[in-house]
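The values are calculated or read from the model by the stated rules, or taken from the named source; none is laboratory data. Everything quoted here is computed from the prediction, not taken from an experiment. As a convention, Cβ positions derive from the backbone with ideal geometry for all residues, glycine included, and neighbour counts pool all protein chains shown.
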Amino acid sequence: MSDLETRELEYFVAVAEELHFGRAAERLSIAQPALSKAIRRVESRLGVLLLTRTSRHVALTPAGEALLHHGRHALNAVGAAAESARRAGDARAQLRLVIKPGGDANLLSGILAAYAERPDARRVDVLFGGATDRADHLRDGRADVALLYAPFDDLTGLASQTLFVEGRVAILPRDHRLAGRTQLRLADLDGETLPRWQGVGWAGVPDDGSGPEVADVPQMVQMIVLGRMIAVLPRSLAESAHPGLVCVPVTDAPTSRLVVAWSRSDDRALVASFVRAAVAAAGRA
């Protein structure tokens, strides 16, 4: 018998996120006493204290933190499995592709055209994700395939095929001390202020930026224009950054890969067909 039922896990995650039994009960549309009883039952079954409670305060214990972290992933997996089953049984299902705006290395049009020529092609809905959340679209079933940048995006639990390999460039204001150089090395950037990426840290160059936190490339570009930082990105993400900026190749920076990615557990024919079309189109570009 399972230690936890899905409904009990949903109850716990709601309380852990709200840190308030009343708000969690309202969110779940159940009575607060029933919710409190369910959480005590889970704690008793697991043999650990998940929450500390006072009349004014609810807090997670270390065990509760662990269950919240893994519980979210488990609920996402259950939801993705249900969605995959529904879509597998729907002969009219569309394919959902998530990308970053401008994050296709100019390959998207060719990929879509190549896929449209396939006899089993479906309509492709293009979704736009943020700087760091597109891989999560695949993990929780919101998207079927994605264009991601490795090593910037976390590919854990995903399968992928490389479409394009490119170098990285430093994005600098035109009056920056290094803006007139034809190429740079990482050592030239010592002491420079680089961005901190909101959500998860990008594996940038270097990857421990100490500058302002940014959520996406347009926000980063604005901060560079203002002289608050510089950045190092794949060339294709920086090509049309801003007329007031220059891009200088960083010769010893690790290369970046644009990949088409999908969930490892998703073996549907429509996904495999799109991946084959993407790889073929990238090879012709």
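Counting only residues that are in a helix (DSSP H, G or I), among the hydrophobic types (A, V, I, L, M, F, W, C) and more than 12 Å from Arg53 (Cβ to Cβ), how many does the range 12-34 have?
Residues meeting the conditions: 8.
Residue by residue, here is whether (1) exposed (fewer than 14 other Cβ atoms within 10 Å of the Cβ); (2) closer than 22 Å to His73 by Cα; (3) outside the structural domain of Gly71 (by TED's automatic domain parsing); (4) touching a residue at least 12 places away in the same chain (Cβ under 8 Å) holds:
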{"residue": "Tyr11", "(1), (2), (3), (4)": "no, yes, no, yes"}
{"residue": "Val15", "(1), (2), (3), (4)": "no, yes, no, yes"}
{"residue": "His20", "(1), (2), (3), (4)": "no, yes, no, yes"}
{"residue": "Ala25", "(1), (2), (3), (4)": "no, yes, no, no"}
{"residue": "Ser29", "(1), (2), (3), (4)": "yes, no, no, no"}
{"residue": "Pro33", "(1), (2), (3), (4)": "yes, no, no, no"}
{"residue": "Ser36", "(1), (2), (3), (4)": "no, no, no, yes"}
{"residue": "Arg41", "(1), (2), (3), (4)": "yes, yes, no, yes"}
{"residue": "Ser44", "(1), (2), (3), (4)": "yes, no, no, no"}
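I need the full set of residues from the range 229-261 which are closer than 13 Å to Arg174 by Cα and touching a residue at least 24 places away in the same chain (Cβ under 8 Å), in order please. Steps first, answer last, please.
Kept after step one, since they are closer than 13 Å to Arg174 by Cα, are these residues of the range 229-261: 229-230, 241-248.
Within the range 229-261, Met229, Ile230, Ala241, Gly244, Leu245, Val246, Cys247, Val248 qualify.
Give the residue that is modelled with the lowest pLDDT, with candidates limited to residues of the range 192-202 that are part of a loop (DSSP other than H, G, I, E, B) and not hydrophobic (A, V, I, L, M, F, W, C).
Per the stated criteria, the residue is Gly201.
Consider Ala59 against the criteria (1) at pLDDT below 90; (2) outside the structural domain of Tyr149 (by TED's automatic domain parsing); (3) loosely packed, with under 13 Cβ neighbours inside 10 Å: it satisfies all of them except one. Which criterion is unmet?
All conditions pass for Ala59, except number (1).
From Ala282, Ala253, Ala261, Ala278, which residue is of a type outside the set (Asp, Glu), under 23 Å from the mean Cα position of the chain (by Cα), under 19 Å from Gly103 (Cα atoms) and not in a helix (DSSP H, G or I)?
Testing whether each residue is of a type outside the set (Asp, Glu), under 23 Å from the mean Cα position of the chain (by Cα), under 19 Å from Gly103 (Cα atoms) and not in a helix (DSSP H, G or I) leaves just Ala261.
Just wondering, is there one or more residues in the range 176-191 that are among the aliphatic types (A, V, I, L, M), at pLDDT 90 or above, surrounded by 15 or more Cβ atoms within 10 Å (Cβ to Cβ) and closer than 28 Å to Gly110 by Cα?
No, there is no match, as no residue in the range 176-191 is among the aliphatic types (A, V, I, L, M), at pLDDT 90 or above, surrounded by 15 or more Cβ atoms within 10 Å (Cβ to Cβ) and closer than 28 Å to Gly110 by Cα.
Being touching a Leu at 6+ places or on another chain (Cβ under 9 Å), at pLDDT 85 or above, not assigned by TED's automatic domain parsing to the domain that holds His242 and not in a loop (DSSP other than H, G, I, E, B): is that true of Asp125 here? Show your work before the answer.
Values: touching a Leu at 6+ places or on another chain (Cβ under 9 Å): yes; at pLDDT 85 or above: yes; not assigned by TED's automatic domain parsing to the domain that holds His242: yes; not in a loop (DSSP other than H, G, I, E, B): yes.
For Asp125, the condition - touching a Leu at 6+ places or on another chain (Cβ under 9 Å), at pLDDT 85 or above, not assigned by TED's automatic domain parsing to the domain that holds His242 and not in a loop (DSSP other than H, G, I, E, B) - is met.
So for the range 142-151 (the condition being out of contact with any Cys (no Cβ under 9 Å at 6 or more places or on another chain), of a type in the set (Gly, Ala, Ser), free of Cβ contacts under 8 Å to residues at least 60 places away in the same chain and over 23 Å from Val279 (Cβ atoms)), does at least one residue qualify? Please lay out each step first, then the result.
Step one: list which residues in the range 142-151 are out of contact with any Cys (no Cβ under 9 Å at 6 or more places or on another chain), which gives 142-151.
Right, trim to of a type in the set (Gly, Ala, Ser) and you get 143, 146, 150.
Of the ones still in play, those that are also free of Cβ contacts under 8 Å to residues at least 60 places away in the same chain are 143.
If we keep only those that are over 23 Å from Val279 (Cβ atoms) as well, we get none.
Within the range 142-151 (the criterion being out of contact with any Cys (no Cβ under 9 Å at 6 or more places or on another chain), of a type in the set (Gly, Ala, Ser), free of Cβ contacts under 8 Å to residues at least 60 places away in the same chain and over 23 Å from Val279 (Cβ atoms)), the answer is no, since none of the residues qualifies.
Count, please, the residues in the range 128-161 that happen to be of a type outside the set (Ser, Thr, Tyr) and assigned to a loop (DSSP other than H, G, I, E, B). Full working, then the answer.
Applying the first criterion (of a type outside the set (Ser, Thr, Tyr)) to the range 128-161 yields 128-131, 133-148, 150-155, 157-159, 161.
Adding the requirement that they be assigned to a loop (DSSP other than H, G, I, E, B) leaves 129-131, 133, 140-144, 151-155, 157.
Qualifying residue count, the range 128-161: 15.
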